């Protein structure tokens with residue numbers, strides 16, 4: 001599998017997630033059929049305390065953690081990013 005340098009990729013506007021509300025966080029957990037503990041463990045947190053803080057909006061969930069939860073719980077597909085113009089598959093500019 002080829003890995004492209006991040007400087008050659010840019011997300012499509014539709015792939016950028018807005019910050020979720022506490023209600024959206026809790027609804028996503030329930031839709032996945034998970035307890036708070038299971039949801040926390042799914043995103044590599046040791047206990048459910050952080051999940052409760054996110055769903056009560058005491059702390060904001062990191063966008064990467066939110067997207068990871070949605071992907072791992074099957075509620076979001078992994079987005080594909082488009083290479084910038086002027087870059088080839090090998091990640092090098094021009095005709096290299």
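A few remarks follow.
- The set of residues from the range 66-86 being in contact with a helix residue (DSSP H, G or I) (Cβ under 8 Å, 6 or more places away or on another chain), outside any strand (DSSP E or B) and modelled with pLDDT under 85 comprises 77, 78, 79, 81, 84.
- Those residues of the range 36-61 which are more than 15 Å from residue 19 (Cβ to Cβ), under 18 Å from the mean Cα position of the chain (by Cα) and not in a helix (DSSP H, G or I), in sequence order: 43, 44, 45
The values are calculated or read from the model by the stated rules, or taken from the named source; none is laboratory data. Only a predicted model underlies this, so the values are computations on that prediction, with no experimental measurement involved. No Cβ is skipped: glycine too gets one built from the backbone with ideal geometry, and neighbour counts run over all protein chains shown.
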